[in-house]
Amino acid sequence: MTNTNIPTFKLNDGTDIPSFGFGTFQILLMVQPIKRLKMF
Amino acid sequence: MRLGYRHIDTATAYFNEQEVGRAIKDSGIDRQQIWVTSKMWLQDYAYEDAKKAIDTSLNKLGLDYMDLYLLHQPYGEVDEAWKALEEAKAAGKIRSIGVSNMTPKIWNQWVPKFASMPSVNQVEYNPYFQQKELRQILMAAHVTLEAWAPLGQGNKSLFEETLLKNLATKYQKDIGQIILRFEHQEGVIVFPKSVHESRIQSNKDIFDFELTSDEMDAIRNLDQNGKGMHDPDAAGVAEMLLNAFDVHAND
Ligand SMILES: NC(=O)c1ccc[n+]([C@@H]2O[C@H](COP(=O)([O-])OP(=O)(O)OC[C@H]3O[C@@H](n4cnc5c(N)ncnc54)[C@H](OP(=O)(O)O)[C@@H]3O)[C@@H](O)[C@H]2O)c1
């Protein structure tokens, strides 16, 4: 079952931010980004 | 997105803003229901470059606003880039603005010069590296801490802690869920990364149990009171990052 009821935290500017999310950092991309991308 | 994630953390330096934008579009989910964070890389901190970098991120993401935009690294023309962020916020291009990798020393060096207070500081944080000094500073300024490496990037010894194993058994959760739940109860924003669907699913399943205050204290004691994997205060970090790659090489 997909539960999207993620609690929010209030930021100091009044915005509500979902307190949980998904990180997209890939170490391989960080180490060799240009080399990899230039291959294509 | 299919598994219910609605908050995505990306960055210019991850070279994937276009893919993130495509995933958002393909999901068919209302833009207002999704939180998108991206980050400016330090090569763009000079004022005019910073203004351009914000538009470049928006174009790559295919969005007309970002929910949160951060200065990814606290070196160079930080004050000029911050001004560009403040103006983009006023112009409606960004809803909230913040910084990243600011240690107490770096925070005290830059933030007093800013016209407005950052909303978040995204730093390395997990049970082994709880940033106690920084948290005091941020709490006093009503700034929210966002954790990078909330799972210690999968650190084996962290995942073998007896305390965490016992709590996992008690709550019928896995170690990752115990760690993320602890961080959530500490008021820290988390966005664990995984390429495995089963982990993407389980990491998010932390909102149906609560650690007791004794258990919270016990996990607080796992803090190693040291440096993390990355030390932003170390000599040469700014140069190392600046010379690592050109984020616009493929633009
Ligand atoms: N501001 C900055 O300078 C900065 C720096 C680093 C990261 N970040 C952001 O923070 C996000 C999260 O940090 P992170 O990706 O470095 O580290 P993380 O989320 O702590 O850890 C990710 C690692 O843990 C593994 N993992 C994920 N779920 C797991 C589970 N339930 N049990 C065991 N292992 C698990 C993953 O492996 P698999 O993928 O193989 O499952 C991956 O190797 C990043 O993706 C990025 O968006 C920001």
Quiz item: Picking from B:153, B:131, B:136, B:201, which residue would you name as being surrounded by fewer than 16 Cβ atoms within 10 Å (Cβ to Cβ) and either more than 13 Å from chain A (Cβ to nearest Cβ) or of a type in the set (A, V, I, L, M, F, W, C) (or both)?
Solution: B:136
Quiz item: Looking only at segment B:178-197, which residues are surrounded by fewer than 20 Cβ atoms within 10 Å (Cβ to Cβ), farther than 15 Å from residue B:123 by Cα and not charged (D, E, K, R)?
Solution: B:185, B:194, B:195, B:196
Quiz item: Inside segment B:224-241, can you point out the residues that are away from the ligand (no atom under 15 Å from the Cβ) and of a type in the set (Gly, Ala, Ser)?
Solution: B:226, B:235, B:236
Exercise. Grab the helices (runs of 4 or more DSSP H) fully contained in segment B:8-95, keeping just those with 2 or more residues being under 23 Å from residue B:237 (Cβ atoms).
Key: B:47-61, B:78-90
Quiz item: Considering only residues of segment B:204-251 that are of a type in the set (Val, Ile, Thr) and out of contact with any helix residue (DSSP H, G or I) (no Cβ under 9 Å at 6 or more places or on another chain), which is surrounded by the most Cβ atoms within 10 Å (Cβ to Cβ)?
Solution: B:237
Quiz item: Hey, does segment A:22-32 have a residue that's part of a loop (DSSP other than H, G, I, E, B), modelled with pLDDT under 95, under 23 Å from residue B:120 (Cβ atoms) and not acidic (Asp, Glu)?
Solution: yes
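From the set of residues in segment B:197-249 that are among the aromatic types (Phe, Trp, Tyr) and assigned by TED's automatic domain parsing to the domain that holds residue B:185, which is farthest from residue B:100 (Cα to Cα)?
Just the residues of segment B:197-249 that are among the aromatic types (Phe, Trp, Tyr), to begin with: B:207, B:209, B:245.
Now narrow it down to the ones that are assigned by TED's automatic domain parsing to the domain that holds residue B:185: B:207, B:209.
Working: B:207: 26, B:209: 30 Å.
The residue in question is B:209.
Suppose we filter B:48, B:19 for residues that are within 16 Å of the ligand (Cβ to nearest atom) and without any contact (Cβ under 8 Å) to a residue 12 or more places away in the chain; which single one remains?
Values: B:48 fails: within 16 Å of the ligand (Cβ to nearest atom).
Exactly one residue qualifies, and that residue is B:19.
Has segment B:158-172 got any residue that is β-branched (Val, Ile, Thr), more than 27 Å from residue B:99 (Cα to Cα) and modelled with pLDDT of 95 or more? Don't jump to the end; show me each part of the working.
Looking only at segment B:158-172, we keep the residues that are β-branched (Val, Ile, Thr), and these are B:162, B:169.
Within this subset, residues satisfying the condition of being more than 27 Å from residue B:99 (Cα to Cα) are B:162, B:169.
Subset that is modelled with pLDDT of 95 or more: B:162, B:169.
Within segment B:158-172, one or more residues are β-branched (Val, Ile, Thr), more than 27 Å from residue B:99 (Cα to Cα) and modelled with pLDDT of 95 or more.
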Practice problem: Tell me which residues, restricted to segment B:112-128, are away from the ligand (no atom under 12 Å from the Cβ) and either closer than 18 Å to residue B:220 by Cα or surrounded by 13 or more Cβ atoms within 10 Å (Cβ to Cβ) (or both). | Solution: B:114, B:116, B:117, B:118, B:119
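The values are calculated or read from the model by the stated rules, or taken from the named source; none is laboratory data. From a predicted model like this one, the values you see are computed outputs, not experimental measurements. Virtual Cβ from ideal backbone geometry, glycine too; neighbours counted across all protein chains shown.
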